[in-house]
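Notes follow once the structure below has been shown.
The values are calculated or read from the model by the stated rules, or taken from the named source; none is laboratory data. Not measured: the values here are computed from a predicted model. We place every Cβ from the backbone using ideal geometry, glycine too, and count neighbours over all the protein chains shown.
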Amino acid sequence: MKDGLQVLSSVVASQLITHGKYGGVVPELASREHLRAIVPVIREAMAHAQCGWRDLAAVAATEGPGLVGSLLVGLTYAKSICFTHGLPLIGVNHIEGHIHAVIMEARQEGNPVSFPALALVASGGHTHLFEVSERMTYRLLGRTRDDAAGEAFDKVAKLLGYGYPGGPIIDKLAPLGDPKGVPFTLAKMKGNPLDFSFSGLKTAVLRHVEHAGMEREIAGRREIYAANPTPSFDEIVSATPQSTRDLVASFQHTVIRELLKRVRDAAIEIGAESVIISGGVACNSGLRAASAAAQIGCPVYFPTPALSTDNAAMIAAAAFPKLERREFSSWDLKAKANLTLAV
Ligand code: KG4
Ligand code: ZN
């Protein structure tokens with residue numbers, strides 16, 4: 001990345017096919033795949049950006065949160081590049097990366113985010129609401145108490161016999177169903193009303209599956225995925241009766257309502273000038289459409305789909321303000337499975 005604004009190249013090595021067979025991320029396989037991919041990916045990124053080591057001002061790497069084996073691969077490689085070429089190292093929080101993907105793209109569009117901003121980060125591991133100040137300081141306003149929103153998409157998809165990751169499949173199926181077909185209730189939060197909970201909804205889907213006697217239909221879909229982990233969408237649709245399309249649409253509708261209700265309340269609470277919605281779940285087309293209609297009261301910014309799910313450009317974007325402040329990391333920077341952005 002150049003000047004904190006221009007993405008010279010963004011190479012993503014997807015592991016979805018590797019993990020898809022197992023219905024979720026297998027940590028051992030993830031670190032092995034990282035090890036296999038890191039050298040060719042960096043080589044490709046440098047070639048595409050037409051730059052050499054001497055053109056770099058610093059190297060940024062994710063320090064956490066995440067799977068420690070995978071983090072270790074990236075961080076160790078980043079350290080070795082820095083050590084060899086005399087460059088400073090910048091450790092970045094993964095969540096901060098998701099937020100900065102949006103801030104950077106808004107600047108690129110000439111429509112910058114105004115502060116204070118409310119940021120929702122909704123991914124496979126996080127569903128967090130932060131207040132973001134102009135100085136890039138963060139205050140945690142609410143978080144999930146159990147499953148993350150993306151995790152709920154993945155678990156419900158798995159429960160219904162679909163593949164991994166579940167979010168994109170549910171997103172594509174939902175428009176074919178009635179979002180009010182199955183009446184799910186919203187979670188009632190004791191304590192902090194800006195916290196989230198998705199495990200009750202997941203259980204409600206399971207109860208519905210049991211009552212509706214869907215086992216055989218689900219087994220049929222599992223067979224399709226066992227034969228081919230990446231079936232065509234037409235194949236998925238024809239294996240999904242209308243009642244299940246309604247169930248999927250109602251599930252997604254409820255997740256969106258849960259997310260946008262907290263976003264609206266939190267935006268009012270902090271007097272937000274803008275709202276940032278990021279993380280893998282920000283890809284969801286139903287969420288994007290509903291947020292436009294939700295009357296949040298200030299502009300809502302989403303990343304482009306390529307920068308919604310995990311990528312390295314967002315880590316560079318988050319590193320740039322640190323580079324400007326010369327906020328570098330030391331050699332003993334550790335990979336951290338649990339790293340909070342703010343409390
Ligand atoms: O940010 P991300 O790429 O990785 C993590 O940091 O977790 O997010 C991945 C998550 C997965 O749970 C995936 O199912 C979800 O984002 N996701 C979606 C969509 N695309 C990805 N959820 C709902 N709708 C989508 N279109
Ligand atoms: Zn992520």
Which of (1) in contact (Cβ under 8 Å) with a residue 12 or more places away in the chain; (2) surrounded by fewer than 21 Cβ atoms within 10 Å (Cβ to Cβ) is the odd one out, the single condition A289 does not satisfy?
(1)
Which count do you get for residues in the stretch 190-211 that are touching a residue at least 12 places away in the same chain (Cβ under 8 Å) and more than 22 Å from E235 (Cβ to Cβ)?
15
Out of the residues in the stretch 118-161 that are more than 8 Å from ligand 1 (Cβ to nearest atom) and of a type in the set (D, E), which is farthest from the chain's Cα centre (by Cα)?
E134
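Conditions (1) touching a residue at least 24 places away in the same chain (Cβ under 8 Å); (2) closer than 17 Å to H34 by Cβ; (3) not in a loop (DSSP other than H, G, I, E, B), marked per residue:
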{"position": "R54", "(1), (2), (3)": "yes, no, yes"}
{"position": "L72", "(1), (2), (3)": "yes, yes, yes"}
{"position": "L75", "(1), (2), (3)": "yes, yes, yes"}
{"position": "K79", "(1), (2), (3)": "yes, yes, yes"}
{"position": "V92", "(1), (2), (3)": "yes, yes, yes"}
{"position": "V113", "(1), (2), (3)": "yes, no, no"}
Can you pull out the residues in the stretch 122-163 that are in contact with a Leu (Cβ under 7 Å, 6 or more places away or on another chain) and touching a residue at least 60 places away in the same chain (Cβ under 8 Å)?
A122, H128, L129, F130, E131, Y138, L141, G142, A149, A152
Within the stretch 69-76, identify whether any single residue is away from ligand 2 (no atom under 16 Å from the Cβ), more than 18 Å from A317 (Cβ to Cβ), not assigned by TED's automatic domain parsing to the domain that holds D3 and not hydroxyl-bearing (S, T, Y), and answer yes or no.
no
In this structure, is V11 modelled with pLDDT of 95 or more, in contact with a His (Cβ under 8 Å, 6 or more places away or on another chain) and buried (at least 16 other Cβ atoms within 10 Å of the Cβ)?
yes
Can you tell me which residue among L333, L341 is in the same structural domain as V12 (by TED's automatic domain parsing), more than 15 Å from ligand 2 (Cβ to nearest atom) and not in a helix (DSSP H, G or I)?
L333
Of everything in the stretch 295-330, what is assigned to a helix (DSSP H, G or I) and crowded, with 19+ Cβ neighbours inside 10 Å? Give them in sequence order.
L307, S308, A313, M314, I315, A316, A317, A318, A319, F320, K322
Within the stretch 38-46, is there a residue that is surrounded by 18 or more Cβ atoms within 10 Å (Cβ to Cβ) and under 25 Å from K2 (Cβ atoms)?
no
Scanning the stretch 246-294 residue by residue, the ones that are within 12 Å of ligand 1 (Cβ to nearest atom), touching a strand residue (DSSP E or B) at 6+ places or on another chain (Cβ under 9 Å), more than 14 Å from V156 (Cβ to Cβ) and part of a helix (DSSP H, G or I) total 5
Given the options A45, A57, A30, name the one that is within 16 Å of ligand 2 (Cβ to nearest atom) and of a type outside the set (S, T, Y).
A30
I want to confirm something. Restricting to the stretch 25-37 and keeping residues that are within 14 Å of L67 (Cβ to Cβ) and of a type in the set (D, E, K, R), which single residue is surrounded by the most Cβ atoms within 10 Å (Cβ to Cβ)?
E33
